[in-house]
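Report on the following structure.
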Amino acid sequence: MKKKKFTFIDLFAGIGGFHLAFHNVGAKCVFACEWDEPARKTYRHNFEKISPNVFKGGNFVGDINSIKDVNKEIPDFDILTAGFPCQPFSQAGRKKGFEDTRGTLFFNIAEILKVKQPEAFFLENVRGLLKHDDGKTFEKIKSTLEGELEYSFKHFIVKASDYGLPQLRPRLFMIGFKDKSIDFKQPETVPLKLTMSDVWKGKCTRDIGFTLRVGGARSGIHDRRNWDGYLVDGEVKLLSPEEGRQMQGFPDNFEFPVSKAEAMKQLGNSVAVSAIQAFAGNIVEALKLSHAKLPLEKRLHSDIQPKERVKGVSQGNKRPVLAPQLS
Ligand SMILES: C[S@@+](CC[C@H](N)C(=O)[O-])C[C@H]1O[C@@H](n2cnc3c(N)ncnc32)[C@H](O)[C@@H]1O
């Protein structure tokens, strides 16, 4: 029997923070979607070698709205991942549920879940989504996923610095499973592995850096809006992609074949890879455990090896966070 490799799709892929994290916990990407040309360039440059199948046969699409037939155009997969832009839902049709989200990017996610029925999803967004439109946006997302699409639903506010990275970056993680008996737990947090002094290779006044942004006007280092200026060895230094890459947990061999300004924007848009990877590891472990609990007749058809089932029996919330790598 062959060991089961869980598969995932990477929606609104950016530069592939989810791709890297799930690849590192042994899952395989089968489809990605991103419409921004410079981000596509960085994505292809870094992932073509490790996931060649994605770039062949139309599995790296641009605009998600160009997908007309979800069933035919997206291969089957186990886990849906997406960091999606936050948009309000219509005021008019609040009671209509899923249909009410039409015209938003969340609708595309919900439709893919409805058609493909994968085993799990992992969605990421800004923390502000919880309060967006007086909490109605979050409620609609939760009720669509739980009520209409029949997934379990848990959410977590996670900081990059909770998983070893020198950056605040509080983000909302939403995770759900078809198998509602899965009791998903947040992975144990880990101490800082890197400080801003390590990143700058000099004495920095902060251990944990500010949340990277997509852009925005530069402000003085003492201004409360400052996000890219640091005092290092008594001098003001401004972030470049090299520091941003480390703050987001991308490995040394991750390359940006685009301008510095584009690379900074891409990093500001991306996810903190180590945090995503810690949760990705627990998702994969939870799915292994769920497969291991299948009734005997189904288990005979399962492609998970018995040894693997035993390994998956912990809740997996004490897994060490591996350093993200690209190999
Ligand atoms: C918050 S970022 C996600 C970043 C990603 N998780 C990463 O690790 O880099 C959202 C991405 O969605 C993309 N996007 C927005 N609308 C889109 C659409 N209609 N089709 C495809 N991609 C879209 C944006 O270009 C942006 O890169």
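All of the numbers you see were taken from the coordinates with simple rules; none came from a lab. If you're wondering where the values come from, they're calculated on a predicted model, not measured in any experiment. A quick note on method: Cβ atoms are made from the backbone with ideal geometry, for glycine too, and the neighbour counts reach across all protein chains shown.
Brief remarks follow.
- Debye, to nearest 20: dipole size of the chain, +1 on Lys, Arg Cβ, -1 on Asp, Glu Cβ: 620
- Rounded to 0.05, the FRET efficiency of the residue 206 and residue 5 pair, given R0 = 41 Å and the Cβ-Cβ distance, is 0.50.
- Under 13 Å, Cβ to Cβ, from residue 193 - net charge with Lys/Arg +1 and Asp/Glu -1: -3
- Karplus-derived 3J(HN,Hα) values for region 255-264, using 6.51 cos²θ - 1.76 cosθ + 1.60 with θ = phi - 60°, are 10, 10, x, 9, 5, 4, 5, 5, 4, 5 Hz; glycine and proline are entered as x.
- Antiparallel DSSP beta bridges within the chain, as percent of all bridges there, nearest 5: 50
- Spin-label pair residue 293-residue 186: with each label point 7 Å from Cα along the Cα-Cβ axis, the two points sit 2.2 nm from one another.
- At an R0 of 45 angstrom, the distance between the Cβ atoms of residue 223 and residue 143 translates into a FRET efficiency of 0.65.
- C-alpha long axis of helix 105-116 to longest principal axis of the chain, angle in °: 30
- The chain: relative contact order as a whole-number percent, Cα under 8 Å and 6+ apart: 19
- Given charges at beta-carbon only (K, R positive; D, E negative), |dipole| of region 196-268 in Debye: 300
- ³J(HN,Hα), Karplus 6.51/-1.76/1.60, whole Hz, each residue of region 75-83, x for Gly, Pro: x, 5, 7, 9, 10, 9, 10, 6, x
- Of all the options 292, 261, 27, the one that moves most in a Gaussian network model of the chain with Cα springs shorter than 10 angstrom is 261.
- Set 116/265; 41/260; 49/114; 114/265; 131/154; 131/159 screened for pairs whose C-alpha atoms are more than 23 Å apart: 116/265; 49/114; 114/265
- Put a dot 7 Å past the Cα of residue 35, heading toward its Cβ, do the same for residue 127, and the two dots end up 3.0 nm apart.
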